[in-house]
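Visitor: One structure follows; several queries about it will come next.
The values are calculated or read from the model by the stated rules, or taken from the named source; none is laboratory data. Remember, it's a predicted structure, so these values are computed and weren't measured experimentally. Note: ideal-geometry Cβ built from the backbone for every residue, glycine included; neighbour counts use all protein chains shown. With ligands, DNA and RNA removed, areas are computed over all heavy atoms of the protein, side chains included. Shrake-Rupley method; radii C 1.70, N 1.55, O 1.52, S 1.80 Å.
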Amino acid sequence: MSRSPDAQRMEKIVSLCKRRGFVFQSSEIYGGLNGCWDYGPLGVELKRNLKNYWWHVMVHERDDVVGMDGSILMNRAVWKASGHEDTFSDPMVDCRSCKARLRADQVIERKGVRQCPNCGGKDLTEPRPFNLMFMTYVGATEDESSITYLRPETAQSIFVQFKNVLEVSRKKLPFGIAQIGKAFRNEINPRNFTFRSREFEQMELEYFCRAEEGMKLLDYWLEERLKFYQNIGISREKLHARTVPDEERAFYSKGTYDIEYDFPFGWQELEGVAYRTDYDLSQHQNASGKSLEYFDEETKQRFVPHVVEPSAGVDRTVLALICEAYSEDEAPDEKGEMETRLVLRFHPRMAPIKCGVFPLLKNKEPLVAKAKEIIDLLRPHLTVFYDESGAIGRRYRRQDEIGTPFGVTVDFETLGEKDAALCDTVTLRERDSMKQERVAINDLAAILASRIS
Ligand code: GAP
């Protein structure tokens, strides 16, 4: 059976990610570890650009948000109080024929008979809950008293530090606490490349407010977050805000939206924006016996704040950025014949490398020296890549394939050999249009900075 165009596109994306060093399988030389991924030299730059931009927009640009960085291991009592120990589970079914362990919603049903999607077997166990938290022991003894879990979300450290952060930041409601960090879930079926992983990163904001502000702030944050995705280069048509229906929503949430992206494997969640009422702080206040109340100096009232939470996945957004950027078009090769060009059309803000610098010929010392001078000039301002090997067209293609938005070529005109007026100018090539312009070396840093931000 031939693969659908979307499946083929996804295969090409996965293969490009490995070939060019965006994402590798974790522990690859030992056969990998299912659901775990390593980011290579380009992937880590892309991921950092995303996290830095999120932090910039959500923390630095705002007066009402501060950041924190919590530990991954926390007191087990946190997970009891939050409800994770008892209820953070997926219903799981075992196939007795092929031994596959399946999420209950993956079981297919034909004419009222449940079947294994792997082998078609009908001998399946009844669904039973499977807790998704990774359990571990803290300290030398491995017994009940030393159990804890790798955190399955970053949010809980924000809730349990609410009072400390409030005191040191002296913020007034409404205000938020932001965090980016690792989270771990023992997913029954990790799949779709990095989309559903067992180790991943989250970018979460807990925005505390008064009860009466909750629903309005939920809509406010949905709009802010949709804007964010557009500002990193995701087109609006590929984003969808799904109102999570009552029956799917956590019992304590008064409203939740899922921001979904049109991946090659279908519409899938990038981020949840949830109005969680005062559930989390109240749970921790009750379980710890410590007040997590806010004192309103104007009304002299004391109360547990409500919270609106935009919670985004770093890895899923990186994958969406790559899927969005991946394109194939036609461009002339060295002989002027049209060939397929593979290009990642990243927003310049997200691109791992911002500018390639190329001497026209590698065996002409003055060209090489000038290109290296330009590298030194640009390096303090942006990520650059020097490449002198192969025909210039090939070098452009290599950068197109990793999404470098700009390319600078040093040629004989740069040296003033043809026309003194062109001395110390270079060609600046733009990735998507492939248009070239002549600019002065002295203006390069400013021109690039203005086009990247
Ligand atoms: N604090 C709320 C919370 O954790 P969630 O919907 O379970 O909510 C938030 O997770 C985001 O974290 C998701 O929208 C997704 O982007 C990301 N995420 C969750 N599980 C993931 C997984 N197994 N692999 C990759 N990303 C995941």
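Visitor: Give me the extension gain from residue 108 to residue 451: residue separation times 0.36 nm, minus the current Cα-Cα distance, reported in nm with one decimal.
Guide: Length difference between fully extended and current span is 118.4 nm.
Visitor: Oh, and also: Tell me, what is the FRET efficiency for residue 412 and residue 168 to the nearest 0.05, using R0 = 56 angstrom and their Cβ-Cβ distance as r?
Guide: The calculated FRET efficiency here is 0.40.
Visitor: Right, something else. Relative to a virtual label point 7 Å from the Cα of residue 28 in the Cα→beta-carbon direction, which members of the range 187-229 show backbone nitrogen distances below 18 Å?
Guide: Counting backbone N atoms under 18 Å from the label point, the list is 192-195.
Visitor: In degrees between 0 and 90, to the nearest 10, how far off the longest principal axis of the chain does helix 365-378 point, with axes built from Cα atoms?
Guide: Computed tilt is about 30 degrees.
Visitor: Shifting gears a bit: What is the ratio of the Cα radius of gyration of the chain to 2.2 N^0.38 Å, where N is its residue count, to two decimals?
Guide: 1.16
Visitor: Report, in listed order, any pair from 227/300; 172/254; 80/182; 182/238; 47/362; 370/435 with a Cα-Cα distance greater than 25 Å.
Guide: 227/300; 182/238; 47/362, as the Cα separations exceed 25 Å there.
Visitor: Given a Förster distance of 35 angstrom, what is the FRET efficiency for residue 267 paired with residue 398, based on the Cβ-Cβ distance and rounded to 0.05?
Guide: Rounded to the nearest 0.05, the efficiency is 0.60.
Visitor: No other cysteine beta carbon under 4.7 Å away is the test; run it over the chain and list who passes.
Guide: Lone cysteines by the Cβ rule: 17, 36, 209, 323, 355, 423.
Visitor: Label-point separation (nm) for residue 216 and residue 101, each offset 7 Å from Cα along Cα-to-Cβ?
Guide: 4.8 nm
Visitor: How far apart, in nm, are the 7 Å Cα→Cβ label points at residue 243 and residue 331?
Guide: Using points 7 Å along Cα→Cβ, the separation is 4.5 nm.
Visitor: Which whole-angstrom value gives the distance between the alpha carbon centres of the range 40-57 and the range 361-394?
Guide: Here the answer is 25 Å between Cα centres.
Visitor: Hey, another quick one. Looking at the chain only, what percent of DSSP beta bridges run antiparallel? Nearest 5 please.
Guide: Percentage antiparallel, nearest 5: 85.
Visitor: Give the carbon-plus-sulfur fraction of the accessible surface of the chain in %, rounded to a whole number; probe 1.4 Å, heavy atoms of protein chains only.
Guide: 49 percent
Visitor: Expressed as a whole number of Å, what is the distance separating the alpha-carbon centroids of the range 210-241 and the range 259-309?
Guide: 16 Å
Visitor: Helix-only estimate, please: 222 nm mean residue ellipticity of the chain, summing -39500 (n - 2.57) across DSSP H runs of length 4 or more and dividing by its residues, to the nearest 500.
Guide: -9000 deg cm²/dmol
Visitor: On a 0 to 90 degree scale, rounded to 10, what angle separates helix 392-402 from the longest Cα axis of the chain?
Guide: 10 degrees
Visitor: Once you list every other residue whose beta carbon is under 14 Å from the beta carbon of residue 169, what net charge do they have if Lys and Arg are +1 and Asp and Glu are -1?
Guide: +1
Visitor: I've got another one for you. Note down the relative contact order for the range 66-155 as a percent, whole number, built from C-alpha pairs under 8 angstrom at least six residues apart.
Guide: 30 percent
Visitor: Separate question: What percent does the relative contact order of the chain come to when contacts are Cα pairs within less than 8 Å and at least six residues apart?
Guide: 12 percent
Visitor: Still on this model: Out of 112, 318, 292, whose Cα points farthest toward the positive end of the dipole of the chain (charges: +1 Lys, Arg; -1 Asp, Glu; placed on Cβ)?
Guide: Positive-most Cα among the choices belongs to 112.
Visitor: Indicate the gyration tensor shape class of the range 40-121 (rounded, prolate or oblate), computed on the Cα atoms with a ≥ b ≥ c the square roots of the eigenvalues: a/c under 1.5 is rounded; otherwise a/b larger than b/c is prolate and the rest oblate.
Guide: Prolate.
Visitor: Okay, next question. Would you mind computing, in nm to one decimal, how far apart the modelled labels at residue 254 and residue 146 are, each placed 7 Å from Cα along Cα→Cβ?
Guide: Here the answer is 4.5 nm between the modelled labels.
Visitor: Can you tell me the FRET efficiency between residue 80 and residue 379 if r is taken as the Cβ-Cβ distance and R0 is 45 Å, rounded to the nearest 0.05?
Guide: 0.35
Visitor: Taking K and R as +1 and D and E as -1, what net charge do the other residues with C-beta under 10 Å from the C-beta of residue 356 add up to?
Guide: Local charge sum for residue 356: +3.
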